[in-house]
Structure formats: C-alpha cells, structure tokens
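Worksheet: the structure to be examined is printed underneath.
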Amino acid sequence: MLGVLIGGFLSGLVANRLQVATEKGPRIGTKTRWVFAMIGGALFGIGAQFARGCTSGAALSGMAVLSTAGFVTMLAIFGSGYAFAYFARRLWL
C-alpha cells in the first residue's frame, strides 16, 4: 500500500500535476464544498458503525456470492445517491 502512495506521488511530480485542488461547481464555495464532504464522510462512517462494517464491502461481497441482501444493499446505496444528487445538482450546474 505504501508503494501505491509513493508511486502516485512520484507520478504526479514527474507529470508536473502535483497540486492541491478542490473540485466544485460554479455555485458553491470551496468552504461549503469541504463542509459537505466532511458531513458526507461522517454520515458514511456512522452508517458503517450502525451496520457493523463497511456498507460497500457488504454489498460487493454479498453480490459476489449472489446474496439477495448484497443486491438490496447495492440498490440502496446507488438509489440514495441518485435521490440526493437530484437535490444537490443545482450546486454543480
């Protein structure tokens, strides 16, 4: 894992693309973008604690063994993402 981090850093350094940037839409400020990112990360972490593990890992490993719960979890993850994106898209357009 350390090799991946070092390799990515060296690749960015060699390609002259090593910079800190915040991707955001024209209607949202950098500070607001960071606040939303922190809130989203915290909610994902809280959800992982309630679920007693990583939600995306449960979905992927469940789908790998053709478990109904894995498919339902994946549909819930993507469905809630699309539903939230409908309301948040005005910040990016």
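The values are calculated or read from the model by the stated rules, or taken from the named source; none is laboratory data. Quick caveat, the model's predicted, so the values are computed rather than measured. So basically every Cβ, Gly included, is an ideal-geometry build from the backbone, and we count neighbours across all protein chains shown.
Annotation note: Cβ proximity below 9 Å between a residue of region 15-33 that is surrounded by 10 or more Cβ atoms within 10 Å (Cβ to Cβ) and a residue that is in a loop (DSSP other than H, G, I, E, B) and of a type in the set (Asp, Glu) (sequence gap 6+ or interchain) occurs for 33/23. Selection of region 34-60 for residues being small (Gly, Ala, Ser) and either touching a residue at least 12 places away in the same chain (Cβ under 8 Å) or in contact with a Gly (Cβ under 7 Å, 6 or more places away or on another chain) (or both) yields 56, 58, 59.
Taking the conditions exactly as written (within 30 Å of residue 21 (Cβ to Cβ), surrounded by 10 or more Cβ atoms within 10 Å (Cβ to Cβ) and at pLDDT below 90), does residue 58 satisfy them or not? Before the answer, list the steps.
Working: within 30 Å of residue 21 (Cβ to Cβ): no; surrounded by 10 or more Cβ atoms within 10 Å (Cβ to Cβ): yes; at pLDDT below 90: yes.
So residue 58 does not fit the description; no.
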